[in-house]
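Throughout, read-outs are computed from the coordinates displayed, never taken from laboratory work. In this text the structure is predicted, and so the values were computed from the model without any measurement. Neighbour counts are summed over all protein chains in view; Cβ atoms, including those assigned to glycine, are modelled from backbone coordinates with ideal geometry.
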Amino acid sequence: MTLELSLNQQPAHARQGSSIGQPLTRRDGFLKVTGAARYAADNHPPGMLYAVLAVSSIARGRVASLDVEAAKAHKGVVEVMTPQNRPALAADPDAKDHPFMFRLDLLQNDQVRYPNQSIAVVIAETLEAATEGAALLSPRYEVLPARVGLDGAESFVPRGVGVGGPAVQHKGDVEAGLKSAKTRIEATYETPAQYHNAMEPHAIVVAWDGDTLSIDTPSQGLAMAQGRIAGLFGIAPENVHIRSPFLGGGFGSKGMISGPQILGILAARLVGRPVKLVLRREQMYGPVGHRAPTRQTLRMGMDGEGRLTALDHHAKTTSSTFDDFFEPAADASHTLYASPAIATSHDAVRLDTGTPLFMRAPGEATGSIALESAIDEAAYACGMDPLEFRLRNYAEVEPMTGKPFSSKALRECYRQAAETFGWASRPLQPRLMRDADGFLTGWGMGTATFPAIMFQAEARAVLKADGSGVMETGAQDMGQGAWTAFAQIAADGLGLDIDQVDFRAGSSDLPNAGIAGGSGHTATAGMAIHNAGAAVIARLADLATGDEASPLYGAGNEGVLARGGRLYRRDDESRGESYAEILTRAGLTEIEGHGKGAPDPASQENYAKHAHGAVFAEVKVDPDFGQIRVTRLVGAFAAGRVINPRLVRSQYYGGMIWGVSFALHEEAITDRRSGRIQNANLAEYHVPVNADVPSVEALLVHEDDPHVNALGIKGVGEIGITGTAGAVANAVWHATGVRPRRFPIRIEDLLG
Amino acid sequence: MRDFDYIRPATIPDAIAAAAEPGSAYLAGGTNLLDLMKGGITSPERIVDISRLPELNRIERLDGGGLRIGALVRNADLAHDPAFAKSYPAVAEALLSGASAQLRNAATVGGNLLQRTRCSYFYDTASACNRRQPGAGCDALGGENRLHAVLGWSDACIATHPSDFCVPLVALDAVVEIEGKKGRRHVTLEEFHRLPGETPQRENALEPGDLIVAVRLPAEAASFSANARYLKVRERTSYAFAVVSAAAALVVDGGKIRAARLALGGVAAKPWRARTAEAVLLGADASEATFASAADAALADASPSGDNAFKIELARRIVVRALMSALSGTPERLPALPASPFSNIPGARHDA
Ligand SMILES: Cc1cc2nc3c(=O)[nH]c(=O)nc-3n(C[C@H](O)[C@H](O)[C@H](O)COP(=O)(O)OP(=O)(O)OC[C@H]3O[C@@H](n4cnc5c(N)ncnc54)[C@H](O)[C@@H]3O)c2cc1C
Ligand code: SF4
């Protein structure tokens, strides 16, 4: 393996031959399949007690009484934490200092604002005793009527949606565009509430030592969690030590520290002993965020050639009564299809639910299924093939802003995926294809897209006198393979073989790696790693080129290459020496360098940056029963530089399968009267099983992006859901002639 | 979870004596009971673990051609017993269409018969449920009930019995062998489960302490082996309870139906034997038209208990298809997706 690193930050795509790009298997895979990987809840410090949440069974009202005596009388119960005795906090859990600070339910009073809200914590010597203690609390409530469903309260226009974008935006005159159109469509779609069901529920193991906190808990954002905890407890952030080496999935639910995790810390403070608190599956349905339901109406006008004259996308969504997060579904129409007039708008109702939050492709996924369905309807209304229609409306610049794309290989995605799928032979009319067994067969497609986002991250690189390297950053592996992909970037950054690099991550004691979210972790922390590597190599080159005893003397930093643990003269590669030789001669045991990853403001200003893809789906539908099966999925994605094709492919698979889930399976069923979720378990909250996804293919389309960052990385974590959900819905229409208007598509929708 | 006593009796009489005490529950595979205990839906004071009683673990051929299946035979072991699957293919197919491979490895014959409804209000202890708490009311009425019963329900309870296994069993005249304080007795499976009426909490014919020791299939049950199918429509391709299912078994001779069995699942508080439909089938031409009349007869008394009218039409269509599939003959091998409408898809590569 050749390793090469230039010291003057040549654009990454100009380099070749490296650890980057290799399809390495997960470096932590062996630990995981053998059970040796230690997840948060696997920890058991000496003297540890078990904490169990008691949660509300009403949606709205107040807790009138709790039988604390009965719980305390139960053998093994040590303490019951209620609003009466909960240790004081340094900050109000209902304070909102900035939009990213979400309100927490930390027993601040007796109010109940959603089902499954924590109302007490029982701490006991055993899990069983704590569990029974929680049951013995037998809460009584004063109940107020629950506000349930998209029509459950008065709607209003939120001040901002998503991460604070405007709720209403437009360019051009949509009404005029619709008026001048030759063909028009209008369609409404509903998407359900979806709840986080990562394999690993939120768990925390806490030990206090004076004012120092030692915590094992899964986190997608260690530094943010550290800061939030420090703020709530009035201690210095550096006194909060969080270990999160592995997450059993995050998907946005572990981005911000949740209320129950803080309650675990409070419980440990109250009893003065280490405490473990693990959410039960059904307790995930409330305090850890969810994807809010939407009702979306799209209106489109097309001219005689099938060109959009107007695109109007309205989304109604829900939030909690006490905090602000609004699924920015309509914003999906900002970036994909060219139209002289685009309008997007949102309104919302406040319901007695936990606050909806980020869930894999928040806004993009919900918006995409509606937009891609509507585009399919528009194509059909124009008598055009859906792919041809999309190409006719291909956006050469970002439609809403007019900015050029930093790169966009979507045409190539369409071409490769369509060819692999065999799209060309698709009949335009629905309900024409049957297979040999008589099943209705349908083909549908959708366009995938997701913004290429970067946050802020730091990394620290060390080269040691033995020639090996260390790379440290508090990055988070949610199961996506960060341990591996970052080690690959680190190896290239240090000009070392990957086995020569000790890559350290997953702890808040390491440099802040930002958040593993927004599909931006690889780009952000990856750039920090890359830059830290460059910085330490520059120091090393300084040592060598300034040392008369070195064969590199006088070459200058620009004139040196780092590869395979050696520095070489760029103009004469026969002249070089090893890192170990340079450091030993300089009498140094190690040198270090620091690097940052952050978006480049100039390129932010000048370019629209998005990953793209095209997804094609084949479904079979039983003509009598309406039971659906997705028999084939082909996606092609262009997302800049691929650090590890094996890991990237599994991100696409996972996203695409979630797209199937979105279209056909996932839904929180909420009782229309009580507001309680009726299927808060994995038997009844359906996600696809293997038999639902017999054939999934993801093609990696080459894309060089010189603008997103020096490594050319976009992001692959979320894009797979977008496009896929709509492709499945459109395939169902093509199979049956029935246009799905609510998701998940149900048997009764197709029975006819 | 409340503290409970755990007893592991060595013999059947010991088990029955132990379980006759109030607040006792038998533990077999535990796949349903433990979930119910964790959720606080049932809180037995004493668990009588029968899972290691050896004499309940056998499959025996009876003199005269019948079969006796011990109550502790695992669902997977039974389905994968080649002789069993050959004689009772619809039963094997139903078993393999249920739950997941892991659950089938643990679940037992007796436990499968006695699994409780999946009505979400039954599981949600904050809801009113007559079945869980007699007289409390039924929150499923007027609630989220699109999967609830369309046959045999009452205003006291609209829940369904979720078992797949029981559907072909009831069609084939299976008999439940019960041992209790007063000795052994036999109850047909058709009479074993009860409709809710005013007492939905009385789910079956068991008295306190009664132990299911076996399920018997009469000799005649094997006579359908050439034309017997189970068909299950569900909301994902595998690992889901039936929305509606049907077991159909025929003996056809010269185009005429000489014997017919039909039962429905997912439609009522018990596996639903469709006797009026069987009467329509008997002696008639084995044709789609006959099957459609039988389907109408089977659903003649059906009515929606909520947002579930679609299940009635769905059930009709499933009956017709199940009969058509039975007529076309039991497949040589169990399909890779047992009981699925998609079982025929060429290249279906996954065992459900
Ligand atoms: C996620 C999930 C999905 C499932 N999907 C399906 C499905 O698709 N189709 C389907 O049919 N089933 C399904 N099941 C149900 C499963 O089949 C039952 O849980 C199982 O058959 C119960 O058997 P068991 O031996 O584990 O019973 P246990 O849980 O041990 O016992 C169940 C009940 O029967 C009593 N009992 C057990 N044995 C005896 C006996 N011999 N005599 C007297 N009383 C006894 C127990 O006291 C208890 O009340 C599913 C279950 C789960 C958890
Ligand atoms: S339908 Fe039956 S099981 Fe369900 S809530 Fe009503 S009484 Fe209980």
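Annotations for the structure displayed:
- Charge dipole magnitude, Cβ of K and R +1, D and E -1 - the stretch B:53-334, Cα centre, debye nearest 20: 340
- Phi-derived couplings, Karplus 6.51 cos²θ - 1.76 cosθ + 1.60 at θ = phi - 60°, listed residue by residue for the stretch A:241-255: 10, 10, 9, 8, x, 9, 10, x, x, x, 6, x, 6, 10, x Hz, with x used for Gly and Pro.
- Its relative contact order, with pairs defined as Cα atoms under 8 Å and 6+ residues apart, puts the stretch B:5-52 at 53 percent.
- Mean separation of Cα pairs under 8 Å and 6 or more residues apart, divided by the residue count, gives chain A a relative contact order of 17 percent.
- Fewest-first sequence of A:LEU127, A:LEU552 by Cβ atoms within 10 Å of each Cβ: A:LEU127, A:LEU552
- Magnitude of the charge dipole for the protein assembly as shown, about its Cα centre and with charges confined to Cβ atoms of Lys, Arg (+1) and Asp, Glu (-1), is about 1680 debye.
- Peptides ranked, highest mean first, by Cβ atoms within 10 Å: ranges B:57-65, B:40-48, B:121-129, B:316-324: B:316-324, B:121-129, B:40-48, B:57-65
- Other residues whose C-beta falls under 14 angstrom from the C-beta of A:GLU592 contribute a net charge of -1, scoring Lys and Arg +1 and Asp and Glu -1.
- Based on every Cα atom in the stretch A:530-655, Rg and the maximum pairwise Cα distance Dmax equal 25.0, 85 Å.
- Per residue of A:626-632, other chain Cβ atoms within 10 Å of the residue Cβ number 5 on average.
- For chain B, modelled as a GNM whose springs connect Cα atoms under 10 angstrom apart, the maximal fluctuation among B:ALA279, B:ALA339, B:ALA83 occurs at B:ALA83.
- For A:LYS75, a cut-off of 20 angstrom between C-alpha atoms picks up these lysines, skipping any fewer than 8 places away in its own chain: A:LYS276, B:LYS38.
- Cut-off under 5 Å, modelled amide H: who pairs with B:ASN204 long-range: B:ARG194
- Positive minus negative residues near B:ARG184 (Lys, Arg vs Asp, Glu; Cβ under 14 Å): 0
- GNM result for chain B, Cα springs below 10 Å: residue of B:LEU34, B:LEU281, B:LEU95 fluctuating most strongly: B:LEU34
- Unit charges at the beta carbon, dipole of the stretch B:53-334: most positive-side option, B:LEU250, B:VAL109, B:LEU323: B:VAL109
- Dimensions of the protein assembly as shown from C-alpha coordinates, computed as largest minus smallest value along each principal axis and given longest first, are 102, 75, 60 Å.
- Listed residue (A:MET471, A:ILE215, A:GLN108) projecting farthest to the positive dipole end of the protein assembly as shown, Cβ model: A:GLN108
- Inter-chain Cβ neighbour count for A:683-695, averaged per residue, equals 6 (cutoff 10 Å, partner chain atoms only).
- Debye intensity ratio I(q)/I(0), log10, the stretch B:53-334, q values 0.11, 0.12, 0.15 Å⁻¹ (C-alpha model): -0.60, -0.72, -1.13
- For chain B, calculated [θ]222 nm from helices alone, where every DSSP H run of n ≥ 4 adds -39500 (n - 2.57): -7000 deg cm²/dmol
- For the stretch B:216-352: rounded, prolate or oblate by the Cα gyration tensor [a/c cutoff 1.5]: oblate
- Each of A:LYS276, A:LYS408 has some number of other Cβ atoms within 10 Å of its Cβ, and from fewest to most they run A:LYS408, A:LYS276.
- Annotation: amide H-H contacts under 5 Å for A:GLY479 (H modelled 1.01 Å from N, sequence separation of 5 or more, or interchain): A:LEU247.
- Cross-link partners of B:LYS182 among lysines (Cα-Cα below 30 Å; sequence separation of 8 or more within a chain): B:LYS270
- Mean partner shielding of peptide B:237-247, defined as the number of other chain Cβ atoms within 10 Å of each residue Cβ, is 4.
- Projected label points at A:GLU592 and B:LYS181, each 7 Å from Cα along the beta carbon direction, are separated by 7.7 nanometres.
- Only Lys, Arg, Asp and Glu carry charge here, each on its Cβ (+1 for the first two, -1 for the last two); on that basis the stretch B:5-52 has a dipole of about 120 debye about its Cα centre.
- Taking the Cα atoms of the stretch A:59-208, the ratio Rg/Rh between the radius of gyration and the Kirkwood radius comes to 1.14.
- Neighbour-count order for A:ASP92, A:ASP692, fewest beta carbons within 10 angstrom listed first: A:ASP92, A:ASP692
- Checking the cross-link pairs A:LYS403/A:LYS714; A:LYS316/B:LYS311; A:LYS408/A:LYS620; B:LYS86/B:LYS256; A:LYS96/A:LYS609 against a 22 Å limit on the alpha carbon distance flags A:LYS316/B:LYS311; A:LYS408/A:LYS620; B:LYS86/B:LYS256; A:LYS96/A:LYS609 as lying beyond it.
- Protection-proxy order for peptides A:535-548, A:178-191, A:471-484, each taking the mean of Cβ atoms within 10 Å per residue, highest first: A:471-484, A:535-548, A:178-191
- Prolate/oblate/rounded label for the stretch B:5-52 (Cα gyration tensor, a/c 1.5): oblate
- Normalised by the number of residues in chain B, the average gap of Cα pairs under 8 Å and 6 or more apart makes the relative contact order 18 percent.
- When each of the peptides B:202-210, A:281-289 is scored by how many other beta carbons lie within 10 Å of its residues on average, the order from highest to lowest is A:281-289, B:202-210.
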